[in-house]
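Bear in mind that the values in this text are calculations on the coordinates, not laboratory data. Being a predicted model, the structure only gives us computed values, none of them experimental. Please note: Cβ atoms are built from the backbone with ideal geometry, for glycine as well, and neighbour counts cover all protein chains shown.
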Amino acid sequence: MAHHLHKSEPAAEAEPSKVKVAASKGKEEKHHKHMEQLAQLGAVAAGAYALHEKHQAKKEPEQAKEHKVRGGVAAALAVGSAGLALHERHQRKSKAATETAGDH
């Protein structure tokens, strides 16, 4: 009959081994750290662009409205990126705290 109906092979373990769990926890922590760093970089870049647009608004009075809008959008992006960085930092720290609490 069909080969998938045979149960001669031992069943796989229900829980992964501790080595795999530790590796996946480290990988997840590394992911959160990487995302935090990218969000920080985005916040710095958006902040710098907002300052650039503010300068351009003063430099080019006939295009000031356009530069102010762009600067406002960039400032909002900087705040959002900073919020994401804080969120990722919190995720990383809370995962680390639960791991140490779970080990005892």
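Cβ-to-Cβ counts within 10 Å put S94, S81 in ascending order as S94, S81, the fewest first. Rounded to the nearest Hz, the phi-derived 3J(HN,Hα) couplings of region 40-48 under the Karplus curve 6.51 cos²θ - 1.76 cosθ + 1.60 (θ = phi - 60°) are 4, 4, x, 5, 5, 5, 5, x, 5, where x marks glycine and proline. If you take the alpha carbon atoms of region 32-103 and fit the smallest convex hull around them, that volume is 48 Å³ per residue.
Ranking G72, A82, A101 by how far each Cα lies toward the positive end of the dipole of region 32-103 (charges on Cβ) leaves G72 at the top. Only lysine pairs 8 or more places apart or on separate chains count here, and in region 32-103 those with Cα atoms under 16 Å apart total 6. Charged neighbours of Q91, selected by a Cβ distance under 13 Å, balance to +2 (K, R count +1; D, E count -1).
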